[in-house]
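For reference, the structure is listed below as structure tokens.
Here, each number is a calculation from the coordinates, and none is a lab measurement. All figures in this text were calculated on a predicted structure; none of them were measured in a lab. Heads up, the Cβs are rebuilt from the backbone with ideal geometry, glycines too, and the neighbour counts pull from every protein chain shown.
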Amino acid sequence: MNQDGWNIVLVGIPWWVVLPAAFACGSLLLVLQRHEIAHLSPRRKASLRALRLISVSAVLLLLLEPTLTHDRSLSQKPAIAVVVDTSGSMAATDAHMAAIHRLDEATALGLIEPNLRPDVMRRAADALVEIRAEMPTMIAAASVPNTARARASASAARGRIASACATRARMLRDLVGGLAGHPEFAQHMGAHLAILDRVAAALSADAPGSPVDPALASDAAALGEGAGAIHDRLLDAQAAADAALVSGADAASPIAQGLERFSRLSRCERAIRLVRDTIVPELEKVAEVSVVALADRAPRLDLDPAHRPNPGGTTDFSQGLSYLAREWPQGSTAHIGGVVLVSDGRQTAGSDAIPAVRALAARGARVATICVGDPDVPRDAVVAELSGSPEVFKGEIVRLDARVRISGYGQTDWDLVLSCDGMEVDRRTIRGTGTWQSERFENGDAVAGLHTWEARLERSSVSASLVRAGGGLNREVWSGIAGASIQDLLIQPGFDQRPTESAIVESVDVQDNRENYGERLRGYVIPPASGWYTFWISGDDACELRLALGSDQLETRVLASVPEYTDTKIWDRFESQRSKPVFLQAGKAYYIEALHKQGLGAGHVAVGWQLPDNKLERPIPAIRLAPAERAVPAQPVDIADQPEASMANNVARCSIAVIDDPLKVLVVDATPRWESRYLVGLFERDRRVDVDRRYRSVRLARAEHVLLPQTQGAIDLYDVIVIGDLTATEITTEDQTRLERFVSNRGGFLVCISGPRGMPASFGLGALASVLPVRTGTAATAAQGPVTVALPTSDAGGSHDAITTVLDDPALNRRLWPALPPLQWSIPGVTAKPGALVLLEGHGALPGPIAVANRSGAGRVLWMGSDETWRWRDKLGDRVHQTFWLQAVRWGVGSRLRGQDVRLQAAIDRILIEPDESVELRARARHGDGSEASVPRATLSAIDDRGTVVAMSEQQLALQPVIDAEGIYHASIGSLTEGRWRIVITSDHPQHHGLSEIRELIVRQRGSREGIELASDPAHLAHLAAAGGFRSGGMDQARAIARDLARGLRPTLTSKRSTWSLWNGYGALVVITALLACEWLWRKRLGLP
């Protein structure tokens, strides 16, 4: 039975089988019993028949199995997940959001009463969007011919559209009245009202054959052409009205107080409040609502007003929504009704979330999105990243690029400060353009070791002075001061106040024959070009040169000094006379100050510098200088009322290892080709590089037939091996095996330069072929003719940058390579192996790869398809050729075993890891002849910012031998906490006493883009909502979106039946048995058989 209530159901053998059988059996028993009990009294006959009847009835009930049932209909609400973004960008407060957006969100949160804000223009703009979206459907319905058949087929749809048209018309009439003070807007909305009236008239025509309005569609289309502009102007007018309302609000007014409370709420707090007070109450009437965080496994979110959220981490829509699509709802039988995502829309991690949204839609969930936060770029200063080569050789210039953006601060000066290991090394003043800009830092004074570089934006307390070059410096003299040291001048009570005399000198070369005086030359120096400058000072007696890199004259630092005296214009008596290189910007005025103290005898002081083009100006000419009084400082900037949207994004860091270990290179070729000779010359310029060159033609002339070292230990002494145009008979199978192990196990760098004799054609198989990044074909013979090189078309400029970036600008760098002199010889018929990196391609009669790199085991390999890169020196000198090969070597030796002494070497595969990552340490200890000495020892410890070992952090690492690698041991290091770690490698062998190698690594979370772009992204949220089958909106539309979503939800109806068996089981059998026993006993009592 389907109706709710109590019922009795027979669930045993069908009654139409049981009852006839029971009737037949009962009749038979009565017939048989009639003769049996004929001699009994009537009373005893009746008792015996009653027992028989009761027994038969019990058996009958057992066969029919009567069951009592209770049927109920249950209604199951659908499940709704409200997902709140709790990532780092949701910590922003949007303090400088436009008034229109602040009022929208504050009103949605109930901080401001809606009737306090005139919003007729906002409502008109929203209504215009809705009407323009519905207008095509209305026009199409009104244009259906009013025939009997058409009216019958579309009557229901016409009725719904007519009702919607009437609703929109009433809304427009109210808005037209509210826009009376804005005739243009009122006229446009009135025109839409007229169109709606015509649509309503067409839909209400009942008589068949009524004419269709032919101009309705064209009039509506003409009106829609200007609707977009009117919509934008309505919003602009509303924004202007809101700005006036906010600026004119008294501090004690409800609007000002509401906005003040609003400014204290982060995006996350606003989102949670909106969910708690608006979205959940609207949805929980018709659904089971779960409020979760946008994270893996969707943790429940605490909506308690006393709970203060702590937003952090990256934004990954795909991860959180994918979990909901797979696992939600857990522990519930409810069907999925929808998902409401409340976020700023700014995704900073993970993959595209569209597949996850479509998976939710496939399970029946409609996805709505609510945007929180300022859609405009906020007032903020951001250092997005600080990038540089992870490894450089000592003596190289460390080049760092800081990508910054300063928006919302107009002409305010900012200091971009570069520091190394916590010490400031450079500072420059910049002004933001509101767009991303790049600043290049170059430092040539880095010491060996692992260094953490940091770029930081700070607001200048005083804006830069306006200085025009030319005029010399101010000279201030204090007379009658005994002593010959700078300290004697500085401790005088009258110093830095009124001097004995003052004047302007045109040159920084002052001579004075008086005794016992002190002087100060001060003003500004204006560099003619951006670059690195070196300063000198010369004087008698002591003198000191100071420079301020920032805008504050008090923040000077000593660049150079003379501790005693020098003769006139002697610049190199003391090492302290010469400064370290300082990067200066062209046209910027830097405050400079020279202090001079003269004791007995005549005195003099002079200051000079070296320009970026190596030109010397000693002394600095007056055209580069300006007196201090020429500066016109701008008024101090009041920054108290200009807070940033976020202070967490003002800093970016990177780690760079400066390598000071000697580099040993082996160059092997058939003959001293031009390519080999230029490479040897390039290596020999560096005194830290030990080059061993071996040319087969030269060695044969000396009866030396062995080219490569004959033991693995001897070949592993090298860091870089360059193989030229040799054949398979000249590099034996044993040589190839040792080279393969040199790369894979030792971590060496192998360079193979092609030639017409045998490279790479002779090495299609074998150990050397296994590490080469290319495969040779049947056509791998020399190709004559010009070949133009270019960056690969499949790479827009990303993965090959480490080797082929010569110019900073990617577009110019791409155009540089085809402009180089063409190669006259190359190898065609060669293809790169899968996974290999094609650095350069050749374009000519037979195109193909020219430079291909690859990793093999612990080492790296570079193959060159031509031996004529030396031709690149023709037009641009050494720059392209030298930069390419130096960057290739830097890339190649990044993972090599290295050490100050060849007897003890170590390597780690990375210097920067995240807490959940591991790093591999490789080490070896050997004798001077290359033979294995002992198992190295490795100690790991944490160190603080000062380089001191943290107590109780030391631990010994268990090194295990590397398979097929002679004397090399390794260990995997993981589960490290954030911070700086040091690995000390030693050996217990007596010959290695005092030897140690130190490797350092940094453990920290890699920077993400969370907090870099703080503007909300409503377009992204709208895209997600469209894929999820619903719509998106701001906080002011949250209630309407929740209502519309709830309106489309329907509960699931299920029936539940409860049953109780009335005559089944052992109880019924016991009763039947008892009845039969009673009958048998009664029959015996009566004397019956």
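Per-residue extension of 0.36 nm, minus the Cα-Cα distance of Ser351 and Glu396, leaves a gain of 12.3 nm for this segment.
As a footprinting exposure proxy, order Asp316, Asp1044, Asp567 by other Cβ within 10 Å, with the fewest listed first. Numbers along the way, then the final one.
Values: Asp316 19, Asp1044 16, Asp567 9.
By the 10 Å Cβ count, ascending, the order reads Asp567, Asp1044, Asp316.
Only helices enter this figure: runs of n ≥ 4 DSSP H residues, each worth -39500 (n - 2.57), summed and divided by the residues of the chain, yield -9000 deg cm²/dmol at 222 nm to the nearest 500. Please state the relative contact order of region 99-258 as a whole percent: Cα pairs under 8 Å, 6+ residues apart? Answer for region 99-258 is 38 percent.
In this simple spin-label approximation, Asp901 and Ser507 carry label points 7 Å from Cα along the Cα→Cβ vector, and these lie 5.6 nm apart. Can you give me the C-alpha center-to-center distance between region 163-200 and region 668-707, rounded to a whole angstrom? Distance between centres, Cα-based: 90 Å. This ranking places His335, His101 by how few other beta-carbon atoms lie within 10 Å of each, fewest first, which gives His335, His101.
If the segment from Arg72 to Arg1004 were pulled out straight at 0.36 nm per residue, it would be longer than the present Cα-Cα gap by 329.5 nm.
Here the label points at His705 and Asp808, each 7 Å from Cα along the C-beta direction, are separated by 5.7 nm in the simple model.
A full extension of the chain between Phe23 and Arg297 corresponds to an added length of 92.0 nm, given 0.36 nm per residue minus the alpha carbon distance.
Computed from the C-beta positions of His843 and Arg557, the FRET efficiency with R₀ = 41 Å rounds to 0.20.
Express in whole angstrom the spacing between the alpha-carbon centres of region 1010-1089 and region 234-273. With region 1010-1089 and region 234-273 each reduced to a Cα centre, they are spaced 48 Å. On the basis of the beta-carbon distance and an R0 of 30 Å, Gln330 and Trp1060 show a calculated FRET efficiency of 0.35. In region 272-355, Cα pairs under 8 Å separated by at least six residues give a relative contact order of 31 percent. About the centre of its Cα atoms, the chain shows a dipole size close to 5720 debye [charges on the beta carbon of Lys, Arg (+1) and Asp, Glu (-1) only; nearest 20 debye].
Net charge dipole, region 99-258: roughly 680 debye, given to the nearest 20, about the Cα centre with Cβ charges of +1 for Lys and Arg and -1 for Asp and Glu. The angle separating the long axis of helix 148-178 from the principal Cα axis of greatest extent in the chain is about 50 degrees. Note on Thr671 and Asp874: with the Förster distance fixed at 30 Å, the Cβ-Cβ geometry gives a FRET efficiency of about 0.85. In percent, rounded to a whole number, the relative contact order of the chain is 13, using alpha-carbon pairs under 8 Å and six or more apart.
3J(HN,Hα) along region 616-628: 9, 10, 10, x, 5, x, 4, 5, 8, 10, 8, x, 4 Hz, from the Karplus curve 6.51 cos²θ - 1.76 cosθ + 1.60 with θ = phi - 60°, whole Hz, x for Gly and Pro.
Between Leu600 and Arg498, the modelled labels are 3.3 nm apart [label points 7 Å from Cα along Cα→Cβ].
Give me Phe1030, Phe317 ranked fewest to most by other Cβ atoms within 10 Å of their Cβ, as a rough exposure proxy. Show your work: numbers first, answer last.
Working: Phe1030 21, Phe317 29.
If I rank by nearby Cβ atoms, fewest first, I get Phe1030, Phe317.
Helix 183-204 and the longest principal axis of the Cα set of the chain meet at an angle near 30°.
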